[in-house]
Amino acid sequence: MDPEALLEALDPEQREAAMSLVGPTCILAGAGTGKTRTVTHRIAYGIARGQFAANRVLALTYTSRAAGELRARLRQLGIPGVAVKTFHAAALSQLEYFWPQLAGVPAPNVLTSKSKLIAEAAESMKIHFDAALLRDVAAEIEWRKYTMRSIEQYEEASRPAVAGIKPAQLVQLIRAYEDLKIKAQKLDWEDVLILTLGMLQSEPRVLAHVQQQYRFFTVDEYQDISPLQQALLEAWLGDRSDLCVVGDPNQTIYTFTGASSGYLLEFLSAYPDATVVTLTRNYRSTGRIIALANRVVSGETDLDELVSQNDLGVEPEILQ
């Protein structure tokens, strides 16, 4: 594969990002600016140049759909051997591999949903519940774990009230859920991250194995990373800095689970020698839509405004 041919399909900013192969790289990519194209071409270019070993690259996403799209794009570029996983899938594969070695038994199964155990816990406490309550309690359980708080710390966090239940009851319900989960010998997906992180922190042999397996990291939608996922990423990285993150602080959608765009915005503080590239050419929307979008997010961040690469188009109609 000709490395230079990979760059021909990129615009100047995308090309700059793709060619940043050494050390930490932060790609600030507004909506419609071709971030997936940039990330996949950067990985392919690094492999074609011999800078990356394909089997030591780990690309991390937040949804299975996004992971599938990245894999498909890399295959189209002739790069089939890269590990592209969600944080949860990457952690689960490590947990399932090492748990039998450490505990002598297979790793517990992961719950497909928290609702059944939350409902069982609510029934035991004689709390009336409906689907909305189960959903809201599950969200609080996830927020507590993604922000790495104990139940006691959660109790002191002054969280917004969950409709239909008193704060003290909510804490008791969360405890009851955890007790039932342990009794059933099950894990939830947040447990998978927590236990994998604990395993890496407490078992030097496991940490050395994982760090030997993966060397070059890419994190998509980095504005949606939570403290727990950030801690796991830092464990995987160790003292290395072969990290590329891509995101847009204006597109954070997982704040309800503890995600924070602060990690993206403060990337230069964590890595003062990082290369930062901003993608501003929007290929998706018309000029008038982009002008309106720029006005909506004006003042929210210090990022450059998007510039449409399309016609002006019709004037957007704002619905009241």
Practice task
Could you work out how far apart the two model spin labels at residue 169 and residue 237 are, taking each label as a point 7 Å from the Cα in the direction of the beta carbon, and quote it in nm?
Solution key: 4.4
Completion exercise
Under the Karplus relation with 6.51, -1.76 and 1.60 and θ = phi - 60°, whole-Hz ³J(HN,Hα) for segment 190-204, x at Gly and Pro, equal 5, 4, 4, 5, 4, 5, 5, 4, x, 5, 5, 6, 9, 10, x
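Please sort 61-67, 192-198 by packing, taking for each peptide the average over its residues of neighbouring beta carbons within 10 angstrom, highest first. Provide the component values of the computation, followed by the final result.
On the way: 61-67: 16.6, 192-198: 20.4.
With the highest mean Cβ count within 10 Å placed first, the list reads 192-198, 61-67.
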Exercise for the section: Could you count how many Lys pairs in the chain have their Cα atoms under 22 Å apart, skipping same-chain pairs fewer than 8 positions apart? Expected result: 21
Problem - Dmax and Rg, reported as Rg then Dmax, of segment 106-217 (C-alpha, Å) - result: 16.3, 51
Exercise for the section: Using only Cα atoms, tell me the angle between helix 35-48 and the longest principal axis of the chain; keep it within 0 to 90° and round to the nearest 10. Expected result: 70
Handout entry: Degrees, to the nearest 10: 287-297 long Cα axis against longest axis of the chain
Key = 40
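For 2, 11, which order do you get if you count the other beta carbons within 10 Å of each Cβ and list the fewest first?
Details: 2 8, 11 16.
Fewest-to-most ranking of 2, 11: 2, 11.
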Exercise for the section: Would you order 41, 88, 128 from fewest to most other beta-carbon atoms within 10 Å of each residue's own beta-carbon? Expected result: 128, 88, 41
Problem - Inter-centroid distance (Cα atoms) of segment 86-132 relative to segment 163-210, Å - result: 8
Exercise for the section: Using mean projected area of the Cα convex hull in nm² as the read-out, say which of [x] 17.8; [y] 19.3; [z] 21.7 was calculated from these coordinates. Expected result: [y]
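What ranking do 115, 20 get, fewest neighbouring Cβ atoms within 10 angstrom at the top? Before the final figure, lay out each step's value.
Details: 115 15, 20 20.
So the ranking, lowest neighbour count to highest, is 115, 20.
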Fill in the blank from the handout: Residues meeting the amide H criterion for residue 221 (H placed from the backbone, H to H distance under 5 Å, 5 or more places apart or on another chain) are 246
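Values in this text are rule-based calculations from the coordinates and carry no lab data. Worth saying up front: this structure is predicted, and the values here are computed from it rather than measured. All Cβ positions, even for glycine, are placed from backbone atoms using ideal geometry, and neighbour counts span all protein chains on display.
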